[in-house]
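Novice: Got a structure for you, questions after.
The values are calculated or read from the model by the stated rules, or taken from the named source; none is laboratory data. If you're wondering where the values come from, they're calculated on a predicted model, not measured in any experiment. Please note: Cβ atoms are built from the backbone with ideal geometry, for glycine as well, and neighbour counts cover all protein chains shown.
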Amino acid sequence: GEDVEQSLFLSVREGDSSVINCTYTDSSSTYLYWYKQEPGAGLQLLTYIFSNMDMKQDQRLTVLLNKKDKHLSLRIADTQTGDSAIYFCAEKTGGFKTIFGAGTRLFVKA
Amino acid sequence: GAVVSQHPSRVICKSGTSVKIECRSLDFQATTMFWYRQFPKKSLMLMATSNEGSKATYEQGVEKDKFLINHASLTLSTLTVTSAHPEDSSFYICSAPSGGATNEKLFFGSGTQLSVL
């Protein structure tokens, strides 16, 4: 079945880079997303990548996609305390549903 | 980006009552909206797809008589939790697709925390 998995927790020091990893199972996925959720709030779309792309960069954010291994990563350069949140990986499947991972809680230490 | 407004943000109700949650697309039209449920420290679970002008499509295991969805217009979808019970307590989030070449971007409301006593 369709599934998205990601590690549950990541802790980094302020100023370091954060790398959040995700794996998915649907080989026919069309788009892959990264969302950010702060406590008690909805999800904010950070960035997304079309499945035929390998990389996308948007300011401090770099998304890498390895379609062969069905692996997606989000790199946040110069991580700040304001980046502390839960980050969700999601895929838009061939059936047009969007499936989410369980979220990675990023904790940034000052 | 597009704005999705969800109301109320928090509701506390007694067991057996019904609760209505509204989801509005403020600056775009949405023929489709999605309703998710999120448990603490868990992922979002897709409950149903709301379709303007037709019946909602429910995911397996979601009771359609329990979670009534109405997509009254191109900018409004509502989720009514009927005869709520404590196990219905959860964070409910709506979303709508907009933008990009194929409406691939999914924008979310701010969520509704439902607590059933």
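Novice: Evaluate segment B:60-74: report whether one residue or more is under 25 Å from B:Glu104 (Cβ atoms) and within 14 Å of another protein chain (Cβ to nearest Cβ).
Specialist: yes
Novice: Would you mind finding the one in B:Ser115, B:Ser98 that is within 14 Å of chain A (Cβ to nearest Cβ), farther than 30 Å from A:Thr47 by Cβ and touching a residue at least 60 places away in the same chain (Cβ under 8 Å)? Step through it out loud before you land on a result.
Specialist: Values: B:Ser98 fails: farther than 30 Å from A:Thr47 by Cβ.
So the residue among B:Ser115, B:Ser98 that is within 14 Å of chain A (Cβ to nearest Cβ), farther than 30 Å from A:Thr47 by Cβ and touching a residue at least 60 places away in the same chain (Cβ under 8 Å) is B:Ser115.
Novice: Same structure, new question: Can you say whether A:Thr79 is surrounded by 14 or more Cβ atoms within 10 Å (Cβ to Cβ), free of Cβ contacts under 8 Å to residues at least 24 places away in the same chain and more than 14 Å from every other protein chain (Cβ to nearest Cβ), as far as the supplied structure shows?
Specialist: Spelling it out, it is not the case that A:Thr79 is surrounded by 14 or more Cβ atoms within 10 Å (Cβ to Cβ), free of Cβ contacts under 8 Å to residues at least 24 places away in the same chain and more than 14 Å from every other protein chain (Cβ to nearest Cβ).
Novice: Consider segment B:91-110. How many of its residues are modelled with pLDDT under 95 and either assigned to a loop (DSSP other than H, G, I, E, B) or hydroxyl-bearing (Ser, Thr, Tyr) (or both)?
Specialist: Residues that pass the stated criteria total 11.
Novice: Against the condition of a type outside the set (Phe, Trp, Tyr) and within 8 Å of chain B (Cβ to nearest Cβ), how does A:Ala85 come out, does it pass?
Specialist: No; evaluated as a whole, the condition is false for this residue.
Novice: Only one of (1) at pLDDT 95 or above; (2) surrounded by fewer than 18 Cβ atoms within 10 Å (Cβ to Cβ); (3) within 13 Å of chain A (Cβ to nearest Cβ) fails for B:Cys23. Which number is that?
Specialist: Of everything listed in (1) at pLDDT 95 or above; (2) surrounded by fewer than 18 Cβ atoms within 10 Å (Cβ to Cβ); (3) within 13 Å of chain A (Cβ to nearest Cβ), B:Cys23 misses just condition (2).
Novice: For segment A:22-76, enumerate the residues that are farther than 20 Å from A:Phe96 by Cβ and in contact (Cβ under 8 Å) with a residue 60 or more places away in the chain.
Specialist: A:Gln37
Novice: Could you please tell me which pairs satisfy a Cβ distance under 6 Å, a separation of 6+ or placement on different chains, a first residue in segment B:1-28 that is touching a residue at least 40 places away in the same chain (Cβ under 8 Å), and a second residue that is of a type in the set (Gly, Ala, Ser) and not in a loop (DSSP other than H, G, I, E, B)?
Specialist: The qualifying pairs are B:Val4/B:Ser25; B:Val4/B:Ala96; B:Ile12/B:Ser115; B:Cys23/B:Ser77; B:Arg24/B:Ser5; B:Ser25/B:Ala96; B:Leu26/B:Ser5.
Novice: If you go through segment B:31-61 one residue at a time, how many are within 26 Å of A:Tyr87 (Cα to Cα), touching a Phe, Trp or Tyr at 6+ places or on another chain (Cβ under 9 Å) and assigned to a loop (DSSP other than H, G, I, E, B)?
Specialist: 3
Novice: I would also like to ask the following. Of all the residues that make up segment B:26-77, how many are touching a His at 6+ places or on another chain (Cβ under 6 Å) and either aliphatic (A, V, I, L, M) or at pLDDT 95 or above (or both)?
Specialist: The total comes to 1.
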